[in-house]
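A quick write-up on the structure given underneath.
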Amino acid sequence: MLSAGGKANSLGRTSEVVEIVLRDRTKLDELFMCVAHQDAWVRMRAIDGFEKICRIHPGWIEPYVDKLLDLTSASQPSILWHLAEIFIKVQLSPLQQNRVIAWLRTMLSSTDIDWIVSANAMKATVYFVNKGAMSRDEVHTLLNIQQRHHSKSVRKKATQLLAQIDT
């Protein structure tokens, strides 16, 4: 279903897949397997669906956190930006949280990052600051780096988030 419907760069039938999984949780494994599909568009649609399910049932996603952490080395931006969104919605063990934070540090330590990955990673760091898991100073440094990003929207988001953590 994820390879059919809509244009190649659209979400196609992702909403239908999400509805199926929401009605039958046993289909979640099948959806997760699609995150590793050979087709990049299927992977993008699968992780998008996975993140949408996480919004409604974060507990359903928690058993997949370690597998999701293994995806942080992916080169596909659509995987990475959804991971940043998922990791702030699920309960993480201390070890998982440390791995997520290390990944966010790596992602934001350079401006050589996709704009939407940067935006979602920055948002995640602010979440971890508010949770007391990252220091304001450290996140301040990372956001300052992102203020030099080539994307105007990233620079603006970094400035907004800096103001938010400084209050």
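Screening M33 against (1) modelled with pLDDT under 95; (2) under 13 Å from the mean Cα position of the chain (by Cα) leaves a single unmet condition, (2). Taken together, V129, V100 contain a single residue that is over 16 Å from L71 (Cα atoms) and surrounded by 16 or more Cβ atoms within 10 Å (Cβ to Cβ), which is V129.
Filtered by the rule that a residue be over 14 Å from S78 (Cα atoms) and surrounded by 18 or more Cβ atoms within 10 Å (Cβ to Cβ), the stretch 15-61 gives V17, V18, V21, L28, L31, F32, I53, C54, I61.
Here D112 fulfils each of the conditions (1) of a type outside the set (A, V, I, L, M); (2) touching a helix residue (DSSP H, G or I) at 6+ places or on another chain (Cβ under 8 Å); (3) surrounded by fewer than 19 Cβ atoms within 10 Å (Cβ to Cβ) apart from (2).
Just one of the numbered conditions (1) free of Cβ contacts under 8 Å to residues at least 24 places away in the same chain; (2) among the hydrophobic types (A, V, I, L, M, F, W, C); (3) out of contact with any His (no Cβ under 9 Å at 6 or more places or on another chain); (4) crowded, with 17+ Cβ neighbours inside 10 Å is not true of A119: (1). Across the stretch 22-43, not a single residue is classified as closer than 19 Å to Q97 by Cα, assigned to a helix (DSSP H, G or I), not assigned by TED's automatic domain parsing to the domain that holds W103 and not charged (D, E, K, R).
Pick from V90, V100, V139, V129: which is under 30 Å from H37 (Cα atoms), part of a helix (DSSP H, G or I) and of a type in the set (A, V, I, L, M, F, W, C)? The unique qualifying residue is V100.
The values are calculated or read from the model by the stated rules, or taken from the named source; none is laboratory data. Computed from a predicted model, the values in this text were never measured in an experiment. Using ideal geometry, Cβ is built from the backbone for each residue, glycine included, and neighbour counts are taken over all protein chains shown.
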